[in-house]
Amino acid sequence: MGPFAAQPRRWSRRSVLSVFAASALASERGKGVVFASDFRRFPDPATELEVIRLTSPSYATHLPAYYERAISHKGQFLICWSDRTGTPQAFRLNLKSGDWQQLTDAAELDGSTLTLLSDERSFCYFDGASLKRCDMAHFREREIYRVPEGWQRCPGSSVTEDGLYAIFAECRKDNSRLRLVSIPKGTASTIAETPWPISDPISRPRRAQVLYRQESSALWLVNFDGQQNRKLKLAPGPVGPARWAPDGRTVLYLHFPEERTQLNTIREHTPDANQDALVAKTSQFVQFDANRDTSVFVGASRNKASPHILLLLRTTGRELTLCEHRASDPALSAPIFSPDSQLIYFHSDREGKPALYRIHVERFVEKTEPEE
């Protein structure tokens, strides 16, 4: 063998480790990749109740829009979106083990539109102009619909309880149209048109109707066939976040008085009877949710001296402080109940980038049976 013949390469321990590290880094990209738990428990400074941070504040993590279905009905997992891999992608977070699994490789994920379908084995979301359905077992995606050239999608979307239709709005210049798209077939129809931007359409439970928003000035209701399109007669003044009661009979919404020294209130509108009533005054809630029988509410306060997540009992109007949210924008904390009403989930950037948190409330709220 000559002096220049190839010699066997001797691998140092450092070289071997660097190769494995590079391989691991390359594998930590794309659908199906699993990440370890970030769970951390700590006592809340204000109440000493235990709070669990579910995700690391070293990267940004968010739940979908407050009216989307993000948590499985048995509370086993939730879907969220995060930039932990460099770009916003959807993840399945195991609520028992804390493990993450990446679900998408989207180019332009709109994480606010993530929503579980009724089978809880698949979900829908918008990737730029494309509405997609993805199954979580095999990560197969299918484009259901694409926003036509010349149109732009308005904020928000929702899916009907049976998973058969997606609802969202498109705008062009000063005009908007509310669209109803068949998820199995991909066919689309327009059910309402307006000369102002439509946002946050929410399918009505157990009814073929859609609630949609005219900025902070009004809520509208329309049938799937485009009939009975009408503005709801709410209390005068700005309209905050709104959601259907789980039985679909009433709309619960925050009312913001023109005078900021006055208290924000939770109100309830009954569309079929055209009635609107006060539920309770709040300690300046800017976001809220209700348990399944709407007997208890959870809210995030904008009060700078008391940046708290609170429970509010409907029958008495009494509030109970659970913990601090200390979010830079209280509205983004967006607390929600688990399906059985025993847990509260919320966002906060209190420790850095937005992260997800959880607090147990079984001591204060009766368990409710989630629907199958």
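Just so you know, all these numbers are worked out from the coordinates, no wet-lab data involved. No experiment lies behind these values; they were computed from the predicted model shown. With ideal geometry, Cβ positions are generated from the backbone for all residues, glycine too; neighbour counts draw on all protein chains shown.
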Once every DSSP H run of n ≥ 4 in the chain is given -39500 (n - 2.57) and the sum is divided by its residues, what mean residue ellipticity at 222 nm do you get, rounded to the nearest 500 deg cm²/dmol? -1500 deg cm²/dmol
Given a cut-off of 29 Å, name the pairs among Lys31/Lys173; Lys96/Lys185; Lys233/Lys281 whose C-alpha atoms lie farther apart than that in the structure shown. Lys31/Lys173; Lys96/Lys185
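Can you tell me the relative contact order of region 191-251? Whole percent, Cα pairs under 8 Å, sequence separation 6 or more.
On the way: 97 pairs, mean separation 17.4, N = 61.
Relative contact order for region 191-251 comes out at 28 percent.
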Integer Hz, Karplus 6.51/-1.76/1.60 couplings in order for region 167-178, x for Gly and Pro: 10, 7, 10, 10, 10, 8, 6, 9, 10, 10, 9, 8
Against the longest alpha carbon principal axis of the chain, how many degrees, from 0 to 90 and to the nearest 10, is the axis of helix 13-27 turned? 30 degrees
Measure off 7 Å from each Cα along the Cα-to-Cβ vector at Lys96 and Glu161, then give the distance between these two points in nanometres to one decimal. 2.8 nm
Taking Cα atoms of the chain, Rg/Rh with Kirkwood Rh, to two decimals? 1.04
Quote the relative contact order of region 150-198 in percent (integer), defining contacts as alpha-carbon pairs under 8 Å separated by 6+ residues. 31 percent
Show log10 I(q)/I(0) for region 209-297 at q = 0.18, 0.22, 0.25 Å⁻¹, two decimals, from a solvent-free Debye sum over equal Cα scatterers. -0.77, -1.12, -1.39
Hey, what do the phi angles of region 71-76 turn into as Karplus ³J(HN,Hα) couplings, whole Hz, using 6.51/-1.76/1.60 and θ = phi - 60°, x for Gly and Pro? 10, 4, 5, 9, x, 7
Evaluate the distance, in nm, between pseudo-label points positioned 7 Å from the Cα of Glu362 and of Asp272 along their respective Cα→Cβ axes. 3.5 nm
Non-local residues with an amide H under 5 Å from the amide H of Asn229, with H modelled 1.01 Å from N and Pro and chain starts lacking one, are Asn223
In Hz, Karplus ³J(HN,Hα) per residue of region 317-333 (6.51, -1.76, 1.60; θ = phi - 60°; x = Gly, Pro): x, 7, 10, 10, 6, 9, 5, 7, 9, 6, 7, 5, 10, x, 5, 6, 5
For the peptides 222-231, 208-217, what is the packing order when you average, over each peptide's residues, the other Cβ atoms within 10 Å and list the highest mean first? 208-217, 222-231
Using amide H atoms built 1.01 Å from N in the peptide plane, name the residues 5+ places from Cys323, or on other chains, whose amide H lies under 5 Å from its own. Ile309
For Glu50 paired with Thr321, estimate the spin-label separation in nm (one decimal), with each label point 7 Å from Cα along the Cα-to-Cβ line. 2.2 nm
